[in-house]
Amino acid sequence: MRQAALLFFFIVVILSAARAQAPRQTGSGATGTITVSGIVTHPLTVHATDLATWKRVNVRAKDHDGKEYLFSGVSLADILLKAGAPLGAQLRGKQMATCLLVKAADGYSVTFALPELDSAFTDRVILLADQVDGKPLPPAKGPFRLVVPGDKKQARWIWGVTAIVVLRADDHATTN
Ligand SMILES: Nc1nc2c(c(=O)[nH]1)N[C@H]1C(S)=C(S)[C@@H](COP(=O)(O)O)O[C@H]1N2
Ligand SMILES: [Mo]
């Protein structure tokens, strides 16, 4: 009896160690984090748990299948503000050539110009979504996907997002 309890104990320890070691993989091939780098003052690694605690935003938008869904997540602008990207009062002069490269696990990537998501320029909220209709995104489209309301094509609704790089398009500067 005591041996059985010990054996059970060791199995639990070994299984939980294996779980902790394995990087969380999803159907899209993305791990559960996003790096924010480039010309930002605070490079970040964003975890799913961060998104759960940061200011949540809901966006109703029409997906590629033509149907409306309620997406929820954190605004891309908020994440960039946390990383110290040149937004708001700083988005003027030379910084007007700042852009964003968003990369996915499958090698797909898309770009935005910073004014496209700065609240001083636009009311449109580009969302880094982790939920649709109250549930986590399906594995093939998760764990994180951009929702870009107002774009007539969904080509920038990049899923399996793994990295966000802030760059200057005028001189390819990677430092401030
Ligand atoms: N990672 C990644 N995201 C992507 C794509 C892709 O190939 N890889 N295709 C885009 C394109 S072209 C479209 S139209 C939309 C919608 O895809 P869906 O119809 O499969 O949802 O996803 C976009 N997001
Ligand atoms: Mo597309």
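What residue, of S109, S72, is open to solvent by 50 Å² or more (accessible area, probe 1.4 Å) and either among the hydroxyl-bearing types (S, T, Y) or touching a strand residue (DSSP E or B) at 6+ places or on another chain (Cβ under 6 Å) (or both)? Write out each step before concluding.
Numbers: S72 fails: open to solvent by 50 Å² or more (accessible area, probe 1.4 Å).
After applying the criteria, what remains is S109.
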Lone unmet requirement of (1) more than 26 Å from D171 (Cβ to Cβ); (2) touching a Cys at 6+ places or on another chain (Cβ under 8 Å); (3) of a type outside the set (V, I, T) for A113: (1)
Check A77, A120 and return the single one that is more than 16 Å from V36 (Cβ to Cβ) and either within 16 Å of ligand 1 (Cβ to nearest atom) or touching a residue at least 24 places away in the same chain (Cβ under 8 Å) (or both). A120
Within the stretch 57-85, track down each residue that is within 16 Å of ligand 2 (Cβ to nearest atom) and in contact with a Lys or Arg (Cβ under 9 Å, 6 or more places away or on another chain). H64
Every listed condition ((1) part of a helix (DSSP H, G or I); (2) open to solvent by 80 Å² or more (accessible area, probe 1.4 Å)) holds for Q95 save (2)
Considering only residues that are part of a loop (DSSP other than H, G, I, E, B), surrounded by fewer than 18 Cβ atoms within 10 Å (Cβ to Cβ) and touching a strand residue (DSSP E or B) at 6+ places or on another chain (Cβ under 6 Å), which ones fall in the stretch 26-54? P43, W54
Counting only residues that are within 16 Å of ligand 2 (Cβ to nearest atom) and touching a residue at least 24 places away in the same chain (Cβ under 8 Å), which one in the stretch 86-117 is farthest from V40 (Cα to Cα)? D106
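Of these, D171, D130, D123, which one is surrounded by fewer than 19 Cβ atoms within 10 Å (Cβ to Cβ) and either at pLDDT 95 or above or hydrophobic (A, V, I, L, M, F, W, C) (or both)? Before the answer, list the steps.
Working: D171 fails: either at pLDDT 95 or above or hydrophobic (A, V, I, L, M, F, W, C) (or both); D130 fails: surrounded by fewer than 19 Cβ atoms within 10 Å (Cβ to Cβ).
Going through D171, D130, D123 in turn, the sole match is D123.
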Verdict on V147 being under 25 Å from T49 (Cα atoms), more than 14 Å from ligand 1 (Cβ to nearest atom), of a type outside the set (K, R) and touching a residue at least 60 places away in the same chain (Cβ under 8 Å): no
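Name the one entry in A163, A140 that is closer than 18 Å to D50 by Cβ, within 14 Å of ligand 1 (Cβ to nearest atom) and not charged (D, E, K, R). Spell out how you get there, then give the answer.
On the way: A140 fails: closer than 18 Å to D50 by Cβ.
Criteria check complete, one pass: A163.
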So the check is Cβ under 8 Å with 6+ separation or different chains; which pairs have a first residue in the stretch 151-169 that's in contact (Cβ under 8 Å) with a residue 60 or more places away in the chain and a second one that's assigned to a loop (DSSP other than H, G, I, E, B) and of a type in the set (D, E)? Q154/D63; W157/D63; W157/D151; G160/D106
From R156, R145, residue being surrounded by 20 or more Cβ atoms within 10 Å (Cβ to Cβ), charged (D, E, K, R), within 18 Å of V59 (Cβ to Cβ) and within 16 Å of ligand 2 (Cβ to nearest atom): R145
Members of the stretch 55-69 found to be in a loop (DSSP other than H, G, I, E, B) and open to solvent by 80 Å² or more (accessible area, probe 1.4 Å), listed by number: K55, R56, H64, D65, K67
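The values are calculated or read from the model by the stated rules, or taken from the named source; none is laboratory data. Worth saying up front: this structure is predicted, and the values here are computed from it rather than measured. Every residue, glycine as well, gets a Cβ built from its backbone with ideal geometry; the counts of neighbours run over all protein chains shown. Ligands, DNA and RNA are stripped out before the accessible areas are found, and what is left, the full protein with its side chains, is counted by its heavy atoms. Shrake-Rupley method; radii C 1.70, N 1.55, O 1.52, S 1.80 Å.
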